[in-house]
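S.K.: Quick one: the structure is below, and I'll ask about it shortly.
Read-outs: derived from the displayed coordinates by stated rules, not from any lab. Since we're looking at a predicted model, the values are computed, not measured. Backbone-built Cβ (ideal geometry, glycine too); neighbour counts: all protein chains shown.
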Amino acid sequence: MSDQSTAEEPWPVRVVSQKIGAWIGRLGWVWVDGQIAQITRRPGTQVVFITLRDPSADLSLTVTAHRDVLDTGAPNLSEGARVLLHAKPEFFPARGTLSLRADEIRQLGIGELLARLERLKKLLAAEGLFDPRRKRRPPFLPGRIGLVTGRASAAERDVLTNARRRWPAVDFRVINVAVQGPAAVPQILDALAVLEKDPEVDVIILARGGGSVEDLLPFSDEALCRAVFACRTPVITAIGHETDTPLVDFVADVRASTPTDAAKRAVPDLVEERQRIGQLRGRIDRAVVGLLDREQHRLDAIRSRPVLARPEALLDQRAADVQALRERAARCLRHRLERGAADVDHTLARLRALSPKATLARGYAIVQAADGAVLREPEQVREGDPLRVRLAGGELAATVAVP
Amino acid sequence: MTDLSYEAARAELATIVEKLEAGGTTLEESLALWERGEQLADVCQRWLDGARTRLDAARERRAEPDGNG
């Protein structure tokens, strides 16, 4: 038999079967982490059949183990338990089936599981899944909210009631899932995928009520955390009570403490918003009125400035100037007149002083010839000539007589 | 004059007042400046009055439809 099968030289089934068995055997012993989906103890045999599933994925394998292996390593094993087993794949040519044969089984206690979670938490943190900068803000008023929660649960009721109370017109798309147990993670992953694809859903709420540590384990599942991180739609988580901290809470874009709180974060309160708008309106009003008042005051102030309010002032000044000049002119003229008058008086006094009246008053007479010439020398006249004699008190006529 | 904005009118009014207060202008100029200043002040006042009217009208419209604003 050659190494390659061909159409001309095909291999018989037994050869194929044997080769498959050899391939499978090559995997060898492996340590496996899984979850018990089913345990079947067939009466009359020592072999226990276990269906071992992946908590995060929808697949499983059959595991066989001797009864003693179970009794030693994992007494009281029940469905849903997480186990660690040491096993080797086996291929059964007769039926062509595959199973793992375990020679060691350990049940993971809560302590071990929690320690695992701590390690996972550090890993995810180091990868940046908890980074606050990567968190997306939910929209202020979502068009549609995707809600992933247990059917008819208190969480579902709380989210819907409170959201509708705050914003009556809110629209929800609800997907009910198992929120604990083996089916939870795959169902939640599916729900997230569906909502993420829905273009109208712009925020997702993942909510469940309180429960034991085991009950909340699905919400610390690695695949779930990575799926929430990968969601482009913002995710609000509200898992358990305030004190519970499943890992998905760290990955979420918003962590709400309860389903009611999630509704508060997702949707604004209509009454509050109306009040805010009223307040803002009031502020706008006051601002505008204030502006107008200020401008009016400024205008009034400018208008009351004297140059505008009393333009007569321009004229007053000039009128005053003109008046002053007038008065100066008048003063000058008066001055001149007064000086003139004084002059005249002066001259009159001098004239008076020169007047012969005073001399006449002293007893002198003025003698004039017929032609009016004033006589000073006797030779100016002849005997018999008429003379005019002026005295202080009057006139005399006289004739010249020689002495 | 009427297509002057409020700010333009106010600015020019302030300039005119400064000029008048500084003095040194002829009588003719002073009177002309004063007249223009009065016109500009009237324009400003009309703007302010118009703004108040618009505000009051908007408030009335707002109060009508739902009665509580």
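S.K.: Can you give the Kirkwood hydrodynamic radius of region A:307-403 from its Cα pairs, in Å with one decimal?
M.R.: Hydrodynamic radius (Kirkwood, Cα only) of region A:307-403 equals 19.2 Å.
S.K.: If you don't mind, another one. Averaging the inverse of every distinct alpha carbon separation and then flipping it gives the Kirkwood radius. What is it for the protein assembly as shown, in angstrom units?
M.R.: 35.6 Å
S.K.: Here's another thing I want to ask about it. Kindly provide the chymotrypsin sites (Phe, Trp or Tyr not before Pro) of region A:69-177 that DSSP labels as loop, not H, G, I, E or B, and whose Cβ sees at most 15 other Cβ atoms within 10 Å.
M.R.: A:140
S.K.: Among A:82, A:326, A:298, whose mean-square fluctuation peaks in a Gaussian network model of chain A (Cα, cutoff 10 Å)?
M.R.: Highest fluctuation among the options: A:326.
S.K.: What lysines does residue A:197 reach when the alpha-carbon gap must be under 27 Å and sequence neighbours fewer than 8 apart in one chain are set aside?
M.R.: Reachable lysines: A:135, A:264.
S.K.: State the antiparallel share, in %, of DSSP beta bridges confined to the protein assembly as shown, rounding to the nearest 5.
M.R.: If we restrict to bridges inside the protein assembly as shown, about 65 percent are antiparallel.
S.K.: Taking the C-alpha atoms of region A:82-206, how large are the radius of gyration and the largest Cα-Cα span, Dmax, in Å?
M.R.: My reading of the Cα-based Rg and Dmax gives 20.9, 66 Å.
S.K.: Using the eigenvalues of the Cα gyration tensor, what equivalent ellipsoid semi-axes result for region A:238-371 when each is taken as the square root of five times the eigenvalue, whole Å, largest first?
M.R.: For region A:238-371, the ellipsoid semi-axes come out as 118, 14, 9 Å.
S.K.: Related question: Taking residue B:19 as the anchor, which aspartates and glutamates have their alpha carbon closer than 20 Å to its alpha carbon, excluding any fewer than eight residues away along the same chain?
M.R.: A:300, A:312, A:316, B:7, B:28, B:29, B:35, B:38, B:42
S.K.: For region A:1-79, what number results from the quotient of the Cα radius of gyration and 2.2 N^0.38 Å?
M.R.: 1.55
S.K.: Please enumerate, by chain and number, the lysines with C-alpha under 26 Å from the C-alpha of residue A:19, excluding those fewer than 8 residues away in the same chain.
M.R.: A:88
S.K.: Once both labels are modelled 7 Å past Cα along the beta-carbon direction, what's the residue A:317-residue A:173 spacing in nm?
M.R.: 8.2 nm
S.K.: Give the dimensionless ratio obtained when the Cα radius of gyration of region A:115-268 is divided by 2.2 N^0.38 Å.
M.R.: Compactness ratio reported: 0.95.
S.K.: Using the Cα atoms as the points, what is the convex hull volume per residue of region A:200-288 in Å³?
M.R.: 130 Å³
S.K.: What ranking of A:204, A:105 emerges when the number of other C-beta atoms within 10 Å of each C-beta is taken as an exposure proxy, fewest first?
M.R.: Ordered from fewest to most neighbouring Cβ atoms within 10 Å, A:204, A:105 come out as A:105, A:204.
S.K.: Which residue, A:53, A:144, A:95, tops the fluctuation ranking in a GNM of chain A built on C-alpha contacts under 10 Å?
M.R.: Of A:53, A:144, A:95, the most mobile in the Gaussian network model is A:95.
S.K.: Provide Rg and Dmax in Å for region A:357-399, with only Cα atoms included in the calculation.
M.R.: So, for region A:357-399, Rg and Dmax equal 10.5, 30 Å respectively.
S.K.: Exactly which GluC sites (Glu not before Pro) in region A:242-308 are in a DSSP loop and have at most 11 other Cβ atoms within 10 Å?
M.R.: Sites meeting the loop and neighbour criteria: A:242.
S.K.: From Cα pairs below 8 angstrom and at least 6 apart in sequence, can you work out the relative contact order of chain A, rounded to a whole percent?
M.R.: Relative contact order here is 10 percent.
S.K.: So for B:47, A:23, A:11, fewest C-beta neighbours within 10 Å to most, what's the order?
M.R.: A:23, A:11, B:47
S.K.: Same structure again: Quick one: among A:247, A:124, A:337, which has the greatest mean-square fluctuation in a GNM of chain A with alpha-carbon springs under 10 angstrom?
M.R.: A:337
S.K.: Counting each DSSP H run of 4 or more residues in chain A as -39500 (n - 2.57), what helix-only mean residue ellipticity at 222 nm follows after dividing by all residues, to the nearest 500 deg cm²/dmol?
M.R.: The per-residue figure over chain A is -14000 deg cm²/dmol.
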